[in-house]
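Structure first, then comments.
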Amino acid sequence: MKNRNYWIDKIEIKDCFIEEYDFLDVDFDNQKVLIICNTIKKAQLIYEKLLKKGLNANLLHSRFIRLDRKKKEDEILKFEKNNVGGIWITTQIVEASLDIDFDLLLTECSTIDSMLQRFGRCYRKRDYSKPKPNIFIFKYDSISKKVYDPELLERTYNVLVGYNGLLLTEEQKQNMINEVFDNIEHTKYYQSYNEYKKLLKSGFRANKKESQELFRKITDQWIVIPKPVYLENEDLINDYIKNIDLSKGLEKIRQKEKFFDFCVNLPILNKKKSLLQDFPVKSNFLTNYDIKMLDGVSYDNAVGLKYNDEEEIDNII
């Protein structure tokens, strides 16, 4: 276990948004570089920007169908273990779900709990003592305030500025947490936290369908297949649906797993719910799980799902 006084990270605050950065100072060939954005839309934008610069980047976020996301998670783990430099652009999903260790982190500012998770993706298994920073932190934008609590976001950024240019220890990281959460009881964040806590403590009894409906009301989460994915794999997906309805036991579970490989779980905002469509086949399985096709989108296994309407407000991570 690491000694608490070991230097483990050196941060630098960049006075610009991450999409404004030209990336010319970054040595992508000889380092494993991780770029973390607060939203999928921003991650896709950075990916396309780097491609235009002739850089071979990889993208991972939650708007890939399960089959492609699993492949990408396997690829990033293999990449982390080899000796070749390169770039991965991601969102919050890498904060705790993947055991990866990169050389350089470029990240939008998020809240302190999220930031410390992101720090843990860089020099995770090594000590750091170089003069140059291994973590660049960029300003948060207005959309980030829809993803994270605005007050915690502002507090976090102000605290991080105080550590700009410093080599950090685990003890200093704990001090950051204490500074951000000092007098938190008087904030709207704490009041909202207490309300959710009371709701969870009260509990409820509901069947599976009622539970799904309640969860959806809180999160707007839907299980969908992007329409381009369905059209490309229509016969195969329809076979899975038919087999799920007809089979039982382990075979039913196996068929469901194959079907869900083509699905994405994502929040659908009210103004986008008109894009949800029923499948052209009738199925008890689809009805019970309320699974829909999602129209008005494109899908690419390198970029993921994108809405055709570029005005879509993206607060999805």
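The values are calculated or read from the model by the stated rules, or taken from the named source; none is laboratory data. On a predicted model such as this, the values are computed, not experimentally measured, just so you know. Backbone-built Cβ (ideal geometry, glycine too); neighbour counts: all protein chains shown. Side chains included, ligands, DNA and RNA excluded: accessible areas come from the protein's heavy atoms. Shrake-Rupley method; radii C 1.70, N 1.55, O 1.52, S 1.80 Å.
Computed quantities for the displayed model
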{"item": "Neighbours by Cβ (under 9 Å, 6+ apart or cross-chain): first from segment 267-292, surrounded by 11 or more Cβ atoms within 10 Å (Cβ to Cβ); second of a type in the set (Ser, Thr, Tyr)", "result": "267/219; 272/307; 275/307; 279/230; 291/283"}
{"item": "Set 59, 55: member being on the phi < 0 side of the Ramachandran plot and over 16 Å from the mean Cα position of the chain (by Cα)", "result": "55"}
{"item": "Hits in segment 58-87 - residues which are out of contact with any Phe, Trp or Tyr (no Cβ under 8 Å at 6 or more places or on another chain) and open to solvent by less than 50 Å² (accessible area, probe 1.4 Å)", "result": "61, 62, 63, 64, 68, 73"}
{"item": "Segment 4-21 - residue that is part of a loop (DSSP other than H, G, I, E, B) and modelled with pLDDT under 90 and, of those, surrounded by the fewest Cβ atoms within 10 Å (Cβ to Cβ)", "result": "5"}
{"item": "Checking residue 185 against (1) open to solvent by less than 70 Å² (accessible area, probe 1.4 Å); (2) modelled with pLDDT under 90; (3) part of a helix (DSSP H, G or I), the condition it does not meet", "result": "(1)"}
{"item": "Checklist (1) surrounded by 16 or more Cβ atoms within 10 Å (Cβ to Cβ); (2) at pLDDT 95 or above; (3) closer than 25 Å to residue 93 by Cβ; (4) touching a Lys or Arg at 6+ places or on another chain (Cβ under 7 Å) applied to residue 240, failing item", "result": "(3)"}
{"item": "Scan of segment 144-172 for residues that are crowded, with 16+ Cβ neighbours inside 10 Å, in contact (Cβ under 8 Å) with a residue 60 or more places away in the chain and touching an Asp or Glu at 6+ places or on another chain (Cβ under 8 Å), ordered by number", "result": "144, 167, 168"}
{"item": "Search result, residues across segment 88-134 that are open to solvent by 20 Å² or more (accessible area, probe 1.4 Å) and polar (S, T, N, Q)", "result": "92, 97, 117, 129"}
